[in-house]
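K.L.:
This structure is in structure tokens; I'll ask about it shortly.
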Amino acid sequence: MFYRPEDGHGLPHNPFNAIVTPRPIGWISTRGSDGQDNLAPYSFFNAVAYVPPQVMFASTSAKEDRGDTKDSVAQIRDTGVFAVNIVEYAMRDAMNLTSGAWDRNVDEFAHAGIDKAECDTINCPRVANAPATLECKLTQIVQLPGEANFAVFGEVTGIHMRDDCIKDGEFDVLSFNPLTRMGYRDYSVIREKFSLKRPGE
């Protein structure tokens with residue numbers, strides 16, 4: 001099968017997200033200048049550089065009460081900071097609850113019963129019990145082709161790691177099993193890993 005996206009795929013559901021999988025989930029927490037906290041998951045998310053450490057996530061839809069985007073991007077525009085919380089399998093239901101298009105005045109931490117903590121290097125909330133959290137300072141927001149498509153880039157200014165996730169000096173993902181996003185309404189979980197040496201090592 002071959003199709004051009006502009007012509008449509010002819011399938012019951014769009015296969016694009018199912019092809020680009022699995023995708024890590026950035027559980028983005030923000031705080032507006034009015035003090036309103038927000039938490040929402042984004043699967044167009046990844047690390048993009050080592051030195052200085054940098055990450056990105058993309059928001060691809062909008063809410064009526066935010067104009068051209070969603071709460072996360074609107075608040076980051078406002079304050080210039082955000083936090084990326086890593087989602088473990090045990091938090092899948094809470095994460096899913098925060099994915100709703102809630103009113104801008106809803107605090108998803110409270111709505112989903114998630115413990116909140118303060119970040120150390122930025123004025124922003126974080127998921128208190130997350131396996132890891134990356135505190136980020138906005139570097140740029142890039143408007144992508146299409147309506148409401150924004151890529152947000154940030155420099156990591158602080159890193160939290162849960163103590164039980166550090167084994168023999170390494171951050172051990174199998175100690176918490178990261179949740180990953182697939183296509184349609186599907187998710188997966190990391191329960192196995194293996195290592196490969198690079199050529200010449």
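The values are calculated or read from the model by the stated rules, or taken from the named source; none is laboratory data. What you are looking at is a predicted structure, and each value in this text was computed from that prediction instead of being measured. Cβ placement follows ideal geometry from the backbone for every residue including glycine, while neighbour counts extend to all protein chains displayed. Areas reflect the complete protein model, heavy atoms only, side chains present, ligands, DNA and RNA absent. Shrake-Rupley method; radii C 1.70, N 1.55, O 1.52, S 1.80 Å.
K.L.:
What length, rounded to one decimal in nm, is gained on full extension from residue 21 through to residue 51, with 0.36 nm per residue of separation minus their alpha-carbon distance? Mind dumping the intermediate values first?
P.N.:
Numbers: separation 30, 0.36 × 30 = 10.80 nm, distance 2.62 nm.
Gain on extension, residue 21 to residue 51, equals 8.2 nm.
K.L.:
Next question. Nothing charged except the Cβ atoms of Lys and Arg (+1) and of Asp and Glu (-1): what's the magnitude of the dipole of segment 80-140 about its Cα centre? Round to the nearest 20 debye.
P.N.:
Details: 5 positive and 9 negative charges, 31 e Å.
Using Cβ point charges on Lys, Arg, Asp and Glu, segment 80-140 gives about 140 debye.
K.L.:
While we're on this one: Whole-Hz Karplus ³J(HN,Hα) for segment 12-27, in order, using 6.51 cos²θ - 1.76 cosθ + 1.60 and θ = phi - 60°, x for Gly and Pro?
P.N.:
Listing the rounded values in order: x, 9, 5, x, 3, 5, 6, 7, 8, 8, x, 10, x, 10, x, 8 Hz.
K.L.:
Hey, another quick one. Based on the mean of other Cβ atoms within 10 Å per residue, sort peptides 182-192, 109-119, 74-84 so the most packed one is first.
P.N.:
Output ranking for 182-192, 109-119, 74-84: 74-84, 109-119, 182-192.
K.L.:
From the C-alpha gyration tensor of segment 19-134, pull out the three semi-axes of the equivalent ellipsoid (sqrt of 5λ each), sorted largest to smallest, in whole Å.
P.N.:
Details: eigenvalues 72, 54, 53 Å².
Ellipsoid half-lengths, sorted descending, are 19, 16, 16 Å.
K.L.:
Which lysines have a Cα less than 25 Å from the Cα of residue 193, not counting those fewer than 8 places away in the same chain?
P.N.:
The reachable lysines, counting only those whose Cα sits under 25 Å from residue 193, are 167.
K.L.:
So which lysines pass the test for residue 70, namely a Cα distance under 23 Å, with those fewer than 8 places away in the same chain ruled out?
P.N.:
The qualifying lysines are 116, 137.
K.L.:
If you don't mind, there's one more thing I want to ask. Calculate, for segment 1-73, the solvent-accessible area per residue in square angstrom, rolling a 1.4 angstrom probe over the heavy atoms of the protein chains.
P.N.:
Heavy-atom SASA per residue in segment 1-73 reads 56 Å².
K.L.:
Tell me the carbon and sulfur percent of the accessible area for the chain, rounded to whole percent, probe radius 1.4 Å.
P.N.:
51 percent
K.L.:
For residue 173 and residue 116, what is the calculated FRET efficiency with R₀ set at 30 Å and r taken between the beta-carbons, to the nearest 0.05?
P.N.:
My answer for the efficiency is 0.80.
K.L.:
How big is the chain on each of its three principal axes, counting only the C-alpha atoms and giving the largest first in Å?
P.N.:
52, 50, 33
K.L.:
How large is the dipole of segment 50-100 about the Cα centre if only Lys and Arg carry +1 and Asp and Glu carry -1, each at its Cβ, rounded to the nearest 20 debye? It would help to have the intermediate numbers written out before the result.
P.N.:
Working: 5 positive and 7 negative charges, 21 e Å.
Charge dipole of segment 50-100: 100 debye, to the nearest 20.
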